[in-house]
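Every read-out reported here was derived from the displayed coordinates using simple, explicitly stated rules and does not represent laboratory data. The shown structure was predicted, so the numbers you read here are calculated from the model rather than taken from an experiment. Glycine also receives a Cβ, built like all others from the backbone with ideal geometry; neighbour counts cover every protein chain displayed.
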Amino acid sequence: MDILIDLIQRGGWVMYPILCCSLAALAIIMERVWTLRRSKVIPKSLVASVNDLLVQRQFNEAAFLCQDGQNSAARLIRQGLKIIGQNRILFRDIMEESGRRESVYLASHLELLSVLASVSPLLGLLGTVSGMISAFSAVAQAGMGNPGLLAGGIGQALLTTAAGLVVAIPAMVIHRLLVGRVETLTAELEDLGSDLLEALAAPDSSAVAPRQAPVKK
């Protein structure tokens, strides 16, 4: 802990916003990892129970299982049960809109994580430039008789670049992994919506009735 405090003090004021970025990124990562668990988004037990009830046409019981709406699957199933019997086109449009809302919910905060991953190295570069300016200003005032002064100033300035990269690299990697997780869960929700379409929508009545043969006079 003392080493970390020493590094922050040596890096200058830019180390504090970098530290804030690292804490915010860590908080987002922990929250999204917890939220994007498959058991929390699409519980297998819930989907299996609802499927059994839909096969038995026990729609009220299925709605009761999903009434709390604590996960994306429950909210999607509950929406499908509300519009049971609608024609297939309207049913599909409503379910696709519900699926988009759930996808946005699953991806929430990931854009901020991407911003933090992009800003952190820029803050590190700002700290380096600021430190280099200070180092050369100190050398200009003291003269070149003490080259250690310049080397120490450059080393101190580069601390912020290293700190920014330490925050940015893991944040970018984990952001990509979380985006992939969201895409996988969204695809599974789309499959669930398709199953609901087949189980709850009205039969397709768009087929054209066969023409009757003209009556001969």
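One table, with the values for the structure above:
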quantity: Residue in the stretch 35-51 that is in a helix (DSSP H, G or I), in contact (Cβ under 8 Å) with a residue 12 or more places away in the chain and among the charged types (D, E, K, R) present; calculated: yes
quantity: R57, sole failed condition from (1) under 18 Å from L178 (Cα atoms); (2) of a type in the set (K, R); (3) not in a helix (DSSP H, G or I); calculated: (1)
quantity: Unique residue being surrounded by 14 or more Cβ atoms within 10 Å (Cβ to Cβ), at negative phi and either acidic (D, E) or not in a helix (DSSP H, G or I) (or both) when the list is I84, I29, I77; calculated: I84
quantity: Neighbours by Cβ (under 6 Å, 6+ apart or cross-chain): first from the stretch 90-101, in contact (Cβ under 8 Å) with a residue 60 or more places away in the chain; second of a type in the set (S, T, N, Q); calculated: S98/Q79
quantity: Unique residue being under 29 Å from the mean Cα position of the chain (by Cα), polar (S, T, N, Q) and not in a helix (DSSP H, G or I) when the list is S108, S103, S120; calculated: S108
quantity: Number of positions in the stretch 59-74 that are touching a residue at least 12 places away in the same chain (Cβ under 8 Å) and of a type outside the set (G, A, S); calculated: 4
